[in-house]
Amino acid sequence: MPAPQPALDRAAARLAALLGEAVEVLLPVECAVCRAPGCALCRPCRLLLRRSCARPFEASAAAPLLEPALSVTAAGRYAHELAGCLLAFKNGGRTDLAPVLAACLATALHHAAPAWRAAAPPGPVPGPVLLVPVPGSPAALRRRWFQPVRVLLEDCARRGVLPPGTAAAPALRHRHAAARRSGPAQKLLGAAGRRSGPAGSLRAVVRPGTRCVVVDDVLTTGATLAEAARALRDAGAVVLGAVVVAAVRAPAVPPTADSPPHSGPFW
């Protein structure tokens, strides 16, 4: 007779705990920010991260290559704890940081959701608003073995903290020819090079009329978000805005301590 499902679940949970303990012995876990041992993000750094993302802000004005009509909401500024966690997550393989970064992203998504509804064209609602992650390049995927933004959105979906009426959808693809094009990295290009660099590198697979919001990890000049929005619009989608985890440049008028923080059961 097969074992009851609850017993199997308890056995699986125990096995997972034992494996986690074994990994911690062989590869000790430390805080991604301050290096404190024993956890992915220590309590003080976690509190600082949560505070830094409590007041999402409009970041489009500080992105010179972004089209003026595209509104971009950032969870926080790319600095201190948020920058440290993103770097460790993306470049250090610290996928154990996905839950806390997903909480930052969820805060920004809920903050921006009312503006999407206001920007949506009138008429019948053609399904949910799709939250479309910007895919990393094929080279980045080979280096990291995962898509960072997609992982964060999937974590939000799994925990049920996406805004109502939305769904995560990896609808963007890299064009093979553009992905193989050789050239300097984005961070080594000037403004003109960044504007022309990503152009035409993405294509979208969506139904015409689908309402979409572009989601990325870090906003720098805005060239990548502009290319993602172009690809979606070329496929017939309606782009309502964009959301990023962090913006490199602070807004001209930063959120003040008097502005109410966005609350939500994301942490």
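Taking the conditions (1) of a type outside the set (A, V, I, L, M); (2) over 17 Å from the mean Cα position of the chain (by Cα); (3) assigned to a helix (DSSP H, G or I) in turn, residue 124 satisfies each one other than (3). Residue-level analysis places residue 63 outside the set of residues that are surrounded by fewer than 22 Cβ atoms within 10 Å (Cβ to Cβ) and either touching a Phe, Trp or Tyr at 6+ places or on another chain (Cβ under 8 Å) or farther than 16 Å from residue 107 by Cβ (or both). Screening residue 126 on (1) closer than 21 Å to residue 227 by Cβ; (2) modelled with pLDDT under 85 shows it passes everything except condition (1). Only helices (runs of 4 or more DSSP H) whose full extent lies in segment 154-267 are considered here, and the ones with at least 2 residues that are of a type in the set (Asp, Glu) and at pLDDT 60 or above are 223-234. Against the test of being touching a strand residue (DSSP E or B) at 6+ places or on another chain (Cβ under 8 Å), closer than 18 Å to residue 219 by Cα, in a helix (DSSP H, G or I) and β-branched (Val, Ile, Thr), the options 73, 107 yield a single qualifying residue, 107.
Can you name every residue in segment 34-60 that is assigned to a loop (DSSP other than H, G, I, E, B) and either over 19 Å from the mean Cα position of the chain (by Cα) or closer than 13 Å to residue 104 by Cβ (or both)? Before you say what the answer is, go through the steps one by one.
So the first thing to find is which residues in segment 34-60 are assigned to a loop (DSSP other than H, G, I, E, B), and the list is 34-36, 38-42, 53-56, 59.
Selection gives 34, 35, 36, 38, 39, 41, 42, 53, 54, 55, 56.
Selection of first residues in segment 202-213 that are more than 11 Å from residue 127 (Cα to Cα) and of second residues that are aromatic (Phe, Trp, Tyr), restricted to Cβ pairs under 9 Å at least 6 apart or on distinct chains, gives the following pairs, ordered by first then second residue: 213/116.
Across segment 127-145, which residue is surrounded by the most Cβ atoms within 10 Å (Cβ to Cβ) among those that are hydrophobic (A, V, I, L, M, F, W, C) and outside any helix (DSSP H, G or I)?
Filtering segment 127-145 for residues hydrophobic (A, V, I, L, M, F, W, C) gives 129-132, 134, 139-141, 145.
Filter again for outside any helix (DSSP H, G or I), leaving 129-132, 134, 145.
On the way: 129: 25, 130: 22, 131: 25, 132: 29, 134: 23, 145: 9.
Step by step, filter segment 127-145, then rank; the result is 132.
The values are calculated or read from the model by the stated rules, or taken from the named source; none is laboratory data. As the structure is a prediction and not an experimental result, all values here were calculated from the model. All Cβ positions, glycine included, derive from the backbone under ideal geometry; neighbour counts span all protein chains shown.
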